[in-house]
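S.K.: Take this structure, written in structure tokens, and hold onto it; I'll ask about it next.
The values are calculated or read from the model by the stated rules, or taken from the named source; none is laboratory data. Owing to the predicted nature of the structure, the values given are computational and were not obtained by experimental measurement. Heads up, the Cβs are rebuilt from the backbone with ideal geometry, glycines too, and the neighbour counts pull from every protein chain shown.
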Amino acid sequence: MCSRTGQTSKIDGDETEYGLWLNYKEDVSAVNEPFLIKTSAFENQFQNVWDAWLTLYESANPIPNLFYEIICNRSTRANGFLNLSQAIEVYSNAFRKKQAKDIAQNDPDNKSKNKEIKLIHRYQDILKEYNGALELIESNIVDYAKGLSNMRNYYTHYNSGKYVEPAHDELFAASHILRFVLLTIVYTAIGIPLNCILECKIRVIFSRFDENTAVIMRYSKKKK
């Protein structure tokens with residue numbers, strides 16, 4: 001039996017019913033949040049997961065903070081995309097700087113002084129490192145990294161002569177990809193099993209992941 005209180009009102013002749021659902025007395029479906037991983041997935045390793053989270057929090061504080069802002073939907077659209085990108089860049093700089101530097105040093109298109117690390121190199125490394133969960137076409141990773149970094153650079157550098165303004169669907173696709181990437185990084189870092197991460201990928205919010213990568217692929221080919 002459901003418990004509900006409410007009243008009926010008429011506005012411009014239309015009858016509208018308003019109700020207050022008493023959640024504690026009802027079977028209310030949980031919101032389909034990303035990576036709703038049950039503790040049963042790591043119950044035997046709970047202390048290790050908790051300790052790993054604290055270590056991540058202490059060693060790279062911006063990552064958990066940006067992560068929290070994003071999963072709570074406090075940062076959306078362009079700001080959400082920029083927060084995601086920033087969190088991934090922070091992780092790369094804190095934990096995978098050497099790997100990104102190796103890619104930068106071996107990039108024939110890197111014409112910067114001393115072959116400095118650019119965002120595209122950080123993305124290339126991250127996408128390759130976590131491709132077990134991302135399941136990207138490996139030969140396209142450079143293009144995915146280019147598209148994502150060019151989009152970020154459009155907003156932060158605002159060089160309209162070099163970077164193309166992303167359309168709504170392109171920004172949406174990039175945000176969803178980076179959201180999954182960031183969640184994969186965080187959950188991998190704290191010891192969540194890969195099979196649990198892969199199960200989360202089939203949730204509605206990430207079910208169009210492959211379509212989104214195709215959108216970013218097309219964006220990476222755009223030129224001014």
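S.K.: Take ASP107 and tell me if it is in a loop (DSSP other than H, G, I, E, B) and either surrounded by 14 or more Cβ atoms within 10 Å (Cβ to Cβ) or not β-branched (Val, Ile, Thr) (or both).
M.R.: yes
S.K.: Something else now. Across region 58-81, what is the total count of residues that are surrounded by 14 or more Cβ atoms within 10 Å (Cβ to Cβ) and aromatic (Phe, Trp, Tyr)?
M.R.: Of the residues in region 58-81, 2 are surrounded by 14 or more Cβ atoms within 10 Å (Cβ to Cβ) and aromatic (Phe, Trp, Tyr).
S.K.: State all residues of region 56-104 that are without any contact (Cβ under 8 Å) to a residue 24 or more places away in the chain, among the polar types (S, T, N, Q) and either more than 21 Å from ASN150 (Cα to Cα) or part of a loop (DSSP other than H, G, I, E, B) (or both); if no residue qualifies, say none.
M.R.: Listed by number, the residues that qualify are ASN61, ASN65, ASN73, SER75, THR76.
S.K.: Looking at (1) in contact with a helix residue (DSSP H, G or I) (Cβ under 8 Å, 6 or more places away or on another chain); (2) in a helix (DSSP H, G or I), which is the only condition TYR154 fails?
M.R.: (1)
S.K.: Could you please tell me which pairs satisfy a Cβ distance under 6 Å, a separation of 6+ or placement on different chains, a first residue in region 164-193 that is farther than 23 Å from LYS38 by Cα and in contact (Cβ under 8 Å) with a residue 12 or more places away in the chain, and a second residue that is among the small types (Gly, Ala, Ser) and assigned to a helix (DSSP H, G or I)?
M.R.: What qualifies is SER175/GLY80.
S.K.: Look through region 165-187, keep the residues that are over 13 Å from the mean Cα position of the chain (by Cα) and buried (at least 17 other Cβ atoms within 10 Å of the Cβ), and return whichever of them is modelled with the highest pLDDT.
M.R.: GLU170
S.K.: Please specify each residue of region 111-137 satisfying the condition of being assigned to a loop (DSSP other than H, G, I, E, B) and surrounded by 17 or more Cβ atoms within 10 Å (Cβ to Cβ).
M.R.: Matches in region 111-137: ILE117, LYS118, TYR130, LEU136.
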